[in-house]
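What follows is calculated from the coordinates using simple rules that are stated; it is not laboratory data. Bear in mind the structure is a predicted one, so any value in this text is a computation, not a measurement. Neighbour counts run over all protein chains shown; Cβ positions are idealised from the backbone, glycine included.
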Amino acid sequence: MSGPGSAGPEPGGPTEVDARGLRCPAPVLRAAAASRTLPPGSLLRVRATDPAAAVDLPAWARMRGHALVSVERGEDDVVVLVRLAG
């Protein structure tokens with residue numbers, strides 16, 4: 001996904017979605033939009049400051065059949081890594 005709030009994928013690395021400063025449901029909507037542009041098996045990393053993202057993003061991944069790789073909670077943000085299903 002290109003444009004504000006995202007960065008292109010690093011070679012061999014995950015596609016980044018920057019949802020910091022956004023409130024629910026925006027982090028999930030950004031992740032969903034990015035996932036539609038990527039091939040199956042891609043990694044998607046979402047950074048968010050909304051505490052609900054630590055629950056909402058894993059729930060979204062599970063409902064869509066994606067694999068939750070990790071959830072990392074920092075002092076000010078949460079980083080969710082998902083492997084996209086086919």
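Listed values, structure above:
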item	result
Taking E16, E72 and counting other C-beta atoms within 10 Å, the order from fewest to most	E72, E16
By average C-beta atoms within 10 angstrom, highest first, the peptides 17-26, 32-41	17-26, 32-41
Bins of 5 Å, starting at 0 and running to the largest distance - Cα pair percent for the chain	3, 17, 31, 28, 17, 5, 0
Dmax and Rg, reported as Rg then Dmax, of the stretch 37-83 (C-alpha, Å)	10.4, 32
